[in-house]
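Note sheet for the following structure.
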C-alpha cells in the first residue's frame, strides 16, 4: 500500500505529464497550477507532522544543468525552489570540486553546462526537482517551436531570443508558484489557528542557516534581457493572462 505522500506525488506526476504533452499553453498552465497546489498543501501537512514527530534532515543536492543557456535555465530552478522553501545556488565551488574528485567524476567538468545546489528538507527537494524538470520541458518545447529568429537586417537573433525567453518564462512562473504557495499557506494557517506560519518560518530560517554554514561565500547572480521579442514570448508562454514587455532584472545566489 502506498503512503499518502506517494499518492500525492503520483497525482502530481500525472498532472505534470499532461502539462508537458498538451499543445495548449492555457491547459498546461492550469495543469501545472493544480500540480503545485497539491505540492504546496502536502508540504504544509508534512511540515506540521514533522513539527509534532521530529523534523527530518536538511539535505543538500548538486544538480547539473545542461547547455545551452544553463544560467537562464537555472532561473527556472531557482523560481521553483523559492516557491517551495528551498534555497538554490549556482556554481560548483570548492564543495562541489571535492565531491567530483572524491567520486572520480572530474571528467564531468568537460560537459557544457553549469552545476547548481538545492538545499532544503528532503520532501521539498523532491517537489522542486519534479517541477523544474516539467517546467523546463514545457519551456524548451515552446521556445524551440518558435523556430529561428532574425532582426530587420536579417541578422540571426535566435540565441538572444531564447535567453530572453527563458528569463521571461522563469519570472512569470516563479510569481505564479509563489502565489499558489502563499494561498495554500494562508488557508492552512487560518484552518489551524495560526500555527502554520511560525512552523514554516522556522523551517525556512533553518534552511538559510544551513546554506550560510555550507556556502559562506556567495554573491548575487545578475541577469538582464537583450531581446524584447524573447521576453514577450517567455512571459506569454509563462502565463497568457500576464503579458509584459518591460526590461526585467533579477538577482539569485551564486558561489563566488
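The values are calculated or read from the model by the stated rules, or taken from the named source; none is laboratory data. Note that the structure is predicted; figures quoted are calculated from it, not measured. Here the Cβ positions follow ideal geometry from the backbone for every residue, glycine too, while neighbour counts run over all protein chains shown.
The requirement of being modelled with pLDDT under 90, touching a helix residue (DSSP H, G or I) at 6+ places or on another chain (Cβ under 8 Å) and surrounded by fewer than 17 Cβ atoms within 10 Å (Cβ to Cβ) is satisfied by residue 27. Per the listing 61, 55, the residue uniquely touching a residue at least 60 places away in the same chain (Cβ under 8 Å), part of a strand (DSSP E or B) and surrounded by 14 or more Cβ atoms within 10 Å (Cβ to Cβ) is 61. Of all residues in the range 176-191, those that are over 22 Å from the mean Cα position of the chain (by Cα) and surrounded by fewer than 13 Cβ atoms within 10 Å (Cβ to Cβ) total 2.
Yes/no matrix, rows are residues, columns are (1) over 28 Å from residue 205 (Cβ atoms); (2) at pLDDT 90 or above; (3) surrounded by fewer than 16 Cβ atoms within 10 Å (Cβ to Cβ); (4) out of contact with any helix residue (DSSP H, G or I) (no Cβ under 8 Å at 6 or more places or on another chain):
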{"position": "85", "(1), (2), (3), (4)": "no, yes, no, no"}
{"position": "101", "(1), (2), (3), (4)": "yes, yes, yes, yes"}
{"position": "111", "(1), (2), (3), (4)": "yes, no, yes, yes"}
{"position": "117", "(1), (2), (3), (4)": "no, yes, no, no"}
{"position": "136", "(1), (2), (3), (4)": "yes, yes, no, no"}
{"position": "143", "(1), (2), (3), (4)": "yes, no, no, no"}
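The combined condition, being more than 23 Å from residue 45 (Cα to Cα) and modelled with pLDDT under 90, is fulfilled by residue 92. Scanning the range 69-106 for residues that are over 19 Å from residue 120 (Cβ atoms), out of contact with any strand residue (DSSP E or B) (no Cβ under 9 Å at 6 or more places or on another chain) and in contact (Cβ under 8 Å) with a residue 40 or more places away in the chain turns up just one, 69.
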